[in-house]
Amino acid sequence: MEIVTDYAYLEILSKNNFKANLPFIKEFRSYRFEYGETFIKNEVKYYLENNTRYVTYLVKSKTNDDILAYFTISASAIFWEPCGNMIKNPAIEINFFSLNDKLTMSDKKPIKGLGKLVFEEFVLPTIKTISKYLGVSTIILFAIPSLNDKVINAYKKMGFVLIDDKDVEEYILVDQIRNCKLMCYTLSEISKK
């Protein structure tokens with residue numbers, strides 16, 4: 001799958017290209033989402049070597065190959081129980097999604113709308129391609145609580161819907177999500193893009 005825009009291209013991070021990307025990874029900064037930087041710098045190599053469930057994609061600048069953003073996705077499912085029958089729908093989970101604030105901020109302020117642009121031009125087309133093979137009906141993510149719900153509101157602008165914790169608490173271990181809020185994006189929303 002090749003995704004290229006006027007300003008960037010998509011590259012799957014792998015064991016084979018990790019060393020070549022290491023200088024760009026070391027320069028990655030996430031001031032708004034500390035764990036976004038921690039994951040790409042300290043944990044992604046472990047995931048590449050030990051866990052094939054997760055795939056990390058780099059959105060790289062066409063000008064100089066700098067990492068503008070990255071996202072990590074995995075296969076998942078939504079479990080629900082209508083009329084006493086357990087049903088599970090295939091889903092893709094966005095485990096990590098972070099912009100490189102070193103490159104995407106101007107005068108210490110984020111460039112407005114860049115996250116949505118990266119989501120629409122890189123994340124959605126990737127998931128749309130995968131959905132053809134896995135029968136995915138939903139994208140899920142756990143939004144990190146932030147001041148004034150900025151993260152949740154940003155995802156809402158992208159088309160995600162906040163799911164009430166009470167609706168899912170019996171299916172999700174609360175300590176696993178670190179007070180994050182479950183959000184969903186339906187496949188019908190993908191096909192509109």
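The values are calculated or read from the model by the stated rules, or taken from the named source; none is laboratory data. Computed from a predicted model, the values in this text were never measured in an experiment. All Cβ positions, glycine included, derive from the backbone under ideal geometry; neighbour counts span all protein chains shown. Side chains are part of the model used for accessible areas, which takes the heavy atoms of the whole protein and leaves out ligands, DNA and RNA. Shrake-Rupley method; radii C 1.70, N 1.55, O 1.52, S 1.80 Å.
Structure summary
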read-out	value
Whole-angstrom gap from the stretch 1-48 to the stretch 116-140, using each part's C-alpha centre	19
Two-site label geometry, Asp149 and Tyr31: point separation in nm, points 7 Å out along Cα→Cβ	2.6
In Å², nearest 10: area of Lys102 left accessible to a 1.4 Å probe	100
